[in-house]
Every structure is written in structure tokens, then in C-alpha cells.
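All remarks here apply to the structure that follows.
The values are calculated or read from the model by the stated rules, or taken from the named source; none is laboratory data. A quick note: this is a predicted structure, and the numbers were derived from the prediction, not measured. Here the Cβ positions follow ideal geometry from the backbone for every residue, glycine too, while neighbour counts run over all protein chains shown.
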Amino acid sequence: MGIDLGLVVVLAIILIALVILFTFVPVALWISALAAGVKVGIFQLVGMRLRRVIPSRVVNPLIKAEKAGLDIELNKLEGHYLAGGNVDRVVNALIAAQRANIELTFERCAAIDLAGRDVLEAVQMSVNPKVIETPFIAGVAMDGIEVKAKARITVRANIDRLVGGAGEDTVIARVGEGIVSTIGSSQNHKQVLENPDSISQTVLSKGLDSGTAFEILSIDIADIDIGKNIGAELQTDQAEADKNIAQAKAEERRAMAVAQEQEMKARVEEMRAKVTESEAEVPMAMAEALRSGNLGVMDYMNIQNVMSDTDMRESISKSGKDDDQNGPYSRPHTDN
């Protein structure tokens, strides 16, 4: 009975050891590597486990590279994985570059991957160029007519400038700037409509791909359209502004004229007040003359008679003017 119990304990220990071995040590992966002709030691796989590297993420790409005829060291793949790179994508890019006869080293490929760019897509774009379509870009010709153009840019990835090179947004912005400049230098919008290829030729000759991660192969105008008459709108706005300025100045002159008129009326009332004040001093002067004996009573009566005659003549002259206004056939007004 004791022998059977000891045997069971030994078998259990062996079973646990095998489970731990197959769990911690990727024996199946090691066997696959040996079958593919890749020399990977069992202790190397254990070391990957200890360095918290998933062995399959490194060994499988290494097997793929070996079958494709690439000579890549295991340590480089493991180092790229520890740096946060995508080992499988790098190996795929190297295989695609080799098939397309594109010179690409592992170091440059790893640098492109760590820079955040899709290195496999870049290699594919080097073989199969990509077409970038711009939105409608508006420019104004010299005659004031707005012209809208849409371009298609055929680009090819430049492997040497992928690290540190500008992206698609920069290419679109530069092409848009070139289109606006070319339209703006045209004498009229008809020239642009007649020769839209002049835009692409002018823009392409400016070397807009310098400093970018792409090589511009061609720029084609896909669509062109007429927009607003910007020149007429500007002239209309200027005329409206001039009219508002003229109205403001006229209103200012009118206000000054009204103020001057009110000032003249005030001066007239002031002069009338002075005349009335002077007339009020006449009776006082006459009374003083009578008291001092400089004016006699008869003289005063003669003055009164003269003033009465003057008032009568003024009344007669006013009534004569009223009759002239009514006409010779006018009837006198009678009360019923």
C-alpha cells in the first residue's frame, strides 16, 4: 500500500512538471522552428518568457523570414519587439521589398515602424502608386471671376524620406497653394477653362514633394467649375461703402446748416430784443426832456400827431395790399 502511494506521488510530480514545462516552455513552437530549419534553443525561448516577450511574436516572423530567404538575427527581432514595434509587419515589409527589388535594410524598416508609419503600406505604395484627391480649391483670376478646381495627385512613397518626411496633408496643402497661385496669375477665367492642363504643369514644375515622404508622379485636374464674380462683389461693396460715406458727410453738412440756421434765428431774436429795449427808452427820454424843459408841450403834441399820421398811412397801405391780393372782381366778405 505504501509503495502504491509513493508511485502515485511520483507520477503526480512528473505530471505537474510536464504541465509546467509545456506551459512555461513553448515546446510546440520550438519543434515548429526546428522543422522549419530555424535554430532556436529551448533556453532562448525560456529567456524570452523571463524577459516578458511572447515567443510566438518573434519566432513565427523569424520562420517566415527564413523561408523567404532573409537573413535576420533573432536578437534584432526580439529587440524590436521590446522597443514596441510590430515584428510581423516589419518582416512582411522586408519580404515585399525583396520581391519588388527595393533596397530596404532591417534597421531602416524598424525605424520607419517605430516612427509610427505603416512600413508595409509604404513598400506597397512604392510598387503601386497611390492617388490622392483634393477637395475643390477656389482661386480668383485677374478678371475677378472665381474658378474652382479639383485635382488628383498620383504619389509614390519615398522610403528614404519616410522618417521625418511630411505626410499627405502637406502635399494637398502645397498643391492647393499652387493651384490658387496659377489661377490668380491668369489674365481671365477663360484661359483656365481652355487649358486646365496648364495648372497641373505649372504646379508639377514647382517641386512640391521636397521634404515630404512622397514623390509626386503626376497632378491631373479632375474637375473645374466657375464660382462667384468676386470682382463685381468687391466693386459693389466698395460702391455701397462710398455711398454710406457720402450720406454720412451729407448728413453732417445738413446738421451744420440746421445749427447755423438756429444760430441766426437766435441772433435775430437777440437784435429784436435790443430794438425793443431801445424803443422802450424813447418815452422815458421824452419825459425827461419835458421835465427838464428841453421839450415843450406843443412839441410833444406835434410828435403825437406825426405818429398818428404815420400809423394811419401804414394802415391804408396794408389795406391796399390786401385788395390787390383779392383781385378786382373779388367780393367783400359779408356776415349773414
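General remarks:
- Selected residue (criterion: nearest to Val123 (Cα to Cα)) from residues of segment 215-240 that are assigned to a strand (DSSP E or B) and in contact with an Asp or Glu (Cβ under 8 Å, 6 or more places away or on another chain): Glu215
- Residue in segment 66-84 that is under 38 Å from the mean Cα position of the chain (by Cα) and assigned by TED's automatic domain parsing to the domain that holds Ile31 present: yes
Yes/no matrix, rows are residues, columns are (1) touching a Cys at 6+ places or on another chain (Cβ under 7 Å); (2) of a type in the set (Phe, Trp, Tyr); (3) within 30 Å of Gly167 (Cβ to Cβ); (4) at pLDDT below 85:
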residue: Thr23; (1), (2), (3), (4): no, no, no, yes
residue: Gln44; (1), (2), (3), (4): no, no, no, yes
residue: Leu50; (1), (2), (3), (4): no, no, no, yes
residue: Leu62; (1), (2), (3), (4): no, no, no, no
residue: Gly85; (1), (2), (3), (4): no, no, yes, no
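- Close pairs (8 angstrom Cβ cut-off, 6 or more residues apart or separate chains): over 17 Å from Pro61 (Cβ atoms) and touching a residue at least 60 places away in the same chain (Cβ under 8 Å) in segment 29-51, part of a loop (DSSP other than H, G, I, E, B) and charged (D, E, K, R) anywhere: none
- Boolean, Thr202 is under 30 Å from Gly231 (Cα atoms), without any contact (Cβ under 8 Å) to a residue 60 or more places away in the chain, in contact with a strand residue (DSSP E or B) (Cβ under 9 Å, 6 or more places away or on another chain) and not in a loop (DSSP other than H, G, I, E, B): no
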